[in-house]
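Colleague: Got a structure for you, questions after.
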Amino acid sequence: MTQEELFKKLVAHCKEYGFVFPSSEIYDGLGAVYDYGQNGVELKNNIKRYWWDSMVKLHENIVGIDAAIFMHPKTWEASGHVGAFNDPLIDNRDSKKRYRADVLVEDWMAKQDEKMQKEVDKARKRFGESFNEEQYRSTSPRVLEIAQKKQVVLDRFTKALNDNDLEELKQIILDCEIVCPISGTRNWTDVRQFNLMFSTQMGSTAEGANTIYLRPETAQGIFVNFLNVQKTGRMKLPFGIAQIGKAFRNEIVARQFIFRMREFEQMEMQFFVQPGTEMEWWSKWKETRMAWHRALGFGDENYRFHDHEKLAHYANAATDVEYNFPFGFKEVEGIHSRTDFDLGRHQEFSGKKIQYFDAERGESYVPYVVETSIGVDRMFLQVMSAAYTEEQLEGGDQRVVLKLPAALAPVKVAVLPLVKKDGMPEVARKIVDELKYDYNVVYDEKDSVGKRYRRQDAVGTPFCVTVDGQTLEDQTVTVRHRDSMQQERVAISDLKRMVDQECSFARLFKKLNL
Ligand code: ATP
């Protein structure tokens, strides 16, 4: 199965099992907007809890807020979003399709990496045991030629982005002979800038109305509340403010399912530090955040850092945490050193002093900020991509199983009476009642037990508990484990302890060493 086929299956699975639906589907959907179904919302809430608790509960010096989506329009002038929150777009005249010019070039560069990898793989086969990859990469004329071609483009691309040189960006696309994937032609328009913010009117009449924006990031709600939180919480530097909430971007190209949406959710934390210490904190947060991702157990080799070629207008250092999606390594989270840009600009635009009095230093200053910013939906897709598994079973059977970390699973336990009689449903209901205050538990009595197991595998339920004839005699049940499919006999009185041990968030948090 190709990675593309795998991704298609994953999208279909998300719909079939109540994880993600296209928005307003009965009207044929709305581009890049999605709804979460009965299982999706549970998984999403668990991801949010994993993030929130790891920030707010496990750090004494981080607190949370929940700011409004609508903000005073000056906020977005101060933050630079009105003037500079743009993406370069380009149209293909033949297919009439629109693309992000920077993404076209980035995809071209990724293709060069693939080409080099192919050469390396071929050589490995040829040389067998004695193959030395490093040496081959630094001596093979073919690999060196591709690497050099890529480097030249990368240098031009970085400069074009930093200089905002749209003509040069188009020239790179032409020079690299990039074609439209739909029409296959190079009939491109010029590159133009496109502002990503959605606007609407506030006020009852059009004349008296004010243009306001749907926030494109949650961070600004934190910056404008810096003083409120610092004063009321008597916070001392360094300290952080965390927030989870919706953000909106009028993305030019909506692709890859919930990877790039027009309405999405962010989990952001702004960490305020003494000027001059920001690089140290940036490195620390890189480490802390990588540990958070890796604790989920999806394989350390599937994550990497990618430093930005172009720094945003507010940053002096930036890196992305990338995950190996079915469509390649892509950003899940950004870790940015935002300097004193945001607080400084709000101070300027509001005319209010936004500073921190440092008693040790005996002076006031605008703190520097290190930000960690992750998309809930993108994280959701990351978790689903990693968990989705197709298995061939003995006897020719096949199953689809979501190998979710137990703490994130939408349903923790399914309780199944073997038959719908002889008092088994009543005992099963009692077990549900005992567990339901702590966990999301389902009761299922329809179809054969085998079919019920498959249904639970497909949504990632860690435990299936079957009530049978023996239960009525000795108060034990069969517990079937999702990943191993092993079954064991467990006393009903031990069930809660077993579920606690496997499904608690504490188990995940302990891996973080915070
Ligand atoms: P990209 O380069 O993919 O457009 P970005 O660098 O603009 O992303 P940030 O502004 O750093 O993204 O946003 C922080 C995080 O918010 C991203 O790492 C991503 O997880 C999430 N995010 C950003 N834009 C979207 C979107 N359109 N849909 C879903 N998640 C998004």
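The values are calculated or read from the model by the stated rules, or taken from the named source; none is laboratory data. Remember, predicted model here, so these are calculated numbers, not experimental data. Because the Cβ atoms are built from the backbone with ideal geometry, glycine has one as well, and the counts that use them run over all protein chains shown. SASA here: full protein model, heavy atoms, side chains in, ligands and nucleic acids out. Shrake-Rupley method; radii C 1.70, N 1.55, O 1.52, S 1.80 Å.
Colleague: Just one of (1) within 16 Å of the ligand (Cβ to nearest atom); (2) out of contact with any strand residue (DSSP E or B) (no Cβ under 8 Å at 6 or more places or on another chain) trips up LEU381, so point out which.
Modeller: With (1) within 16 Å of the ligand (Cβ to nearest atom); (2) out of contact with any strand residue (DSSP E or B) (no Cβ under 8 Å at 6 or more places or on another chain) applied to LEU381, the lone miss is (2).
Colleague: I'd like the full set of residues that are touching a residue at least 12 places away in the same chain (Cβ under 8 Å) and open to solvent by 10 Å² or more (accessible area, probe 1.4 Å), limited to region 362-389.
Modeller: Pass one, region 362-389, residues touching a residue at least 12 places away in the same chain (Cβ under 8 Å): 365-389.
Result: TYR365, VAL366, TYR368, SER373, GLY375, ARG378, SER385, ALA386, TYR388, THR389.
Colleague: Out of region 23-41, which residues are under 16 Å from the mean Cα position of the chain (by Cα), in a helix (DSSP H, G or I) and surrounded by 16 or more Cβ atoms within 10 Å (Cβ to Cβ)?
Modeller: Of everything in region 23-41, just one residue is under 16 Å from the mean Cα position of the chain (by Cα), in a helix (DSSP H, G or I) and surrounded by 16 or more Cβ atoms within 10 Å (Cβ to Cβ), namely GLY40.
Colleague: Looking at region 256-272 only, could you name the residues that are charged (D, E, K, R) and open to solvent by 40 Å² or more (accessible area, probe 1.4 Å)? Walk me through it before giving the result.
Modeller: Taking region 256-272 as the starting set, the residues that turn out to be charged (D, E, K, R) are 260, 262-263, 265, 268.
Those that are charged (D, E, K, R) and open to solvent by 40 Å² or more (accessible area, probe 1.4 Å): ARG260, ARG262, GLU263.
Colleague: Going through VAL229, VAL253 one at a time, which residue ends up being within 16 Å of the ligand (Cβ to nearest atom), touching a strand residue (DSSP E or B) at 6+ places or on another chain (Cβ under 7 Å) and open to solvent by 10 Å² or more (accessible area, probe 1.4 Å)? Don't jump to the end; show me each part of the working.
Modeller: Details: VAL229 fails: within 16 Å of the ligand (Cβ to nearest atom).
Of the residues listed, the single one that is within 16 Å of the ligand (Cβ to nearest atom), touching a strand residue (DSSP E or B) at 6+ places or on another chain (Cβ under 7 Å) and open to solvent by 10 Å² or more (accessible area, probe 1.4 Å) is VAL253.
Colleague: Okay, moving on. Identify the single condition in (1) over 30 Å from ILE222 (Cβ atoms); (2) open to solvent by less than 90 Å² (accessible area, probe 1.4 Å); (3) not in a helix (DSSP H, G or I) that ASP87 does not satisfy, given that it satisfies every other one.
Modeller: Among (1) over 30 Å from ILE222 (Cβ atoms); (2) open to solvent by less than 90 Å² (accessible area, probe 1.4 Å); (3) not in a helix (DSSP H, G or I), the lone unmet condition for ASP87 is (1).
Colleague: So in region 313-344, with the set limited to residues that are farther than 23 Å from ARG260 by Cα and of a type in the set (A, V, I, L, M, F, W, C), which one is nearest to the chain's Cα centre (by Cα)?
Modeller: For region 313-344, the residue satisfying everything is ALA317.
Colleague: Suppose we filter region 461-514 for residues that are aromatic (Phe, Trp, Tyr) and touching a Pro at 6+ places or on another chain (Cβ under 9 Å); how many remain? Walk me through it before giving the result.
Modeller: Of the residues in region 461-514, the ones aromatic (Phe, Trp, Tyr) are 463, 505, 509.
Still in the list and also touching a Pro at 6+ places or on another chain (Cβ under 9 Å): none.
Total satisfying the criteria: 0.
Colleague: State yes or no: is VAL103 of a type in the set (Val, Ile, Thr) and either open to solvent by 80 Å² or more (accessible area, probe 1.4 Å) or closer than 30 Å to GLY221 by Cα (or both)?
Modeller: Working: of a type in the set (Val, Ile, Thr): yes; either open to solvent by 80 Å² or more (accessible area, probe 1.4 Å) or closer than 30 Å to GLY221 by Cα (or both): yes.
Spelling it out, VAL103 is indeed of a type in the set (Val, Ile, Thr) and either open to solvent by 80 Å² or more (accessible area, probe 1.4 Å) or closer than 30 Å to GLY221 by Cα (or both).
Colleague: Follow-up. Pick from region 345-361 the residues that are without any contact (Cβ under 8 Å) to a residue 24 or more places away in the chain and crowded, with 16+ Cβ neighbours inside 10 Å: which of them is nearest to the ligand (Cβ to nearest atom)?
Modeller: GLN347
Colleague: So which residues in region 273-310 are hydrophobic (A, V, I, L, M, F, W, C), surrounded by 17 or more Cβ atoms within 10 Å (Cβ to Cβ), over 27 Å from ASN45 (Cα atoms) and away from the ligand (no atom under 16 Å from the Cβ), if there are any at all? Before you say what the answer is, go through the steps one by one.
Modeller: Restricting attention to region 273-310, the residues satisfying the condition of being hydrophobic (A, V, I, L, M, F, W, C) are 273, 279, 281-282, 285, 290-292, 295-296, 298, 305.
Next cut, surrounded by 17 or more Cβ atoms within 10 Å (Cβ to Cβ) only: 273, 281-282, 285, 290, 292, 295-296, 298.
Still in the running and over 27 Å from ASN45 (Cα atoms): 273, 281-282.
Passing the criteria: VAL273, TRP281.
Colleague: Filter region 464-490 down to residues that are of a type in the set (A, V, I, L, M) and farther than 13 Å from VAL427 by Cα and give me whichever is surrounded by the most Cβ atoms within 10 Å (Cβ to Cβ). Write out each step before concluding.
Modeller: Keep residues of region 464-490 that are of a type in the set (A, V, I, L, M), which gives 465, 467, 472, 477, 479, 485, 490.
In the following step, the residues that additionally are farther than 13 Å from VAL427 by Cα were identified as 479, 485, 490.
Details: VAL479: 20, MET485: 14, VAL490: 16.
Here the answer is VAL479.
Colleague: Out of the residues in region 9-22 that are free of Cβ contacts under 8 Å to residues at least 60 places away in the same chain and surrounded by 14 or more Cβ atoms within 10 Å (Cβ to Cβ), which is farthest from ARG98 (Cα to Cα)?
Modeller: The residue in question is LYS15.
Colleague: Are any of the residues in region 453-467 more than 29 Å from PHE380 (Cα to Cα) and modelled with pLDDT of 95 or more? Working first, answer last.
Modeller: Narrowing region 453-467 to residues more than 29 Å from PHE380 (Cα to Cα): 466-467.
This time we only want the ones that are modelled with pLDDT of 95 or more, so: 466-467.
Yes, region 453-467 contains a residue that is more than 29 Å from PHE380 (Cα to Cα) and modelled with pLDDT of 95 or more.
Colleague: For region 42-71, give me the residue count where each residue is over 20 Å from HIS293 (Cβ atoms), in contact (Cβ under 8 Å) with a residue 12 or more places away in the chain and not aromatic (Phe, Trp, Tyr).
Modeller: Within region 42-71, residues that are over 20 Å from HIS293 (Cβ atoms), in contact (Cβ under 8 Å) with a residue 12 or more places away in the chain and not aromatic (Phe, Trp, Tyr) number 10.
Colleague: From the list ILE178, ILE146, ILE182, which residue is open to solvent by 80 Å² or more (accessible area, probe 1.4 Å), of a type in the set (A, V, I, L, M) and touching a residue at least 24 places away in the same chain (Cβ under 8 Å)? Break it down stepwise before answering.
Modeller: Values: ILE178 fails: open to solvent by 80 Å² or more (accessible area, probe 1.4 Å); ILE146 fails: open to solvent by 80 Å² or more (accessible area, probe 1.4 Å).
Checking each option against the conditions leaves just ILE182.
Colleague: When you go through (1) under 31 Å from the mean Cα position of the chain (by Cα); (2) polar (S, T, N, Q); (3) farther than 30 Å from LYS57 by Cα; (4) buried (at least 17 other Cβ atoms within 10 Å of the Cβ) one by one for THR461, which number turns out not to apply?
Modeller: Only one criterion is unmet by THR461, namely (3).
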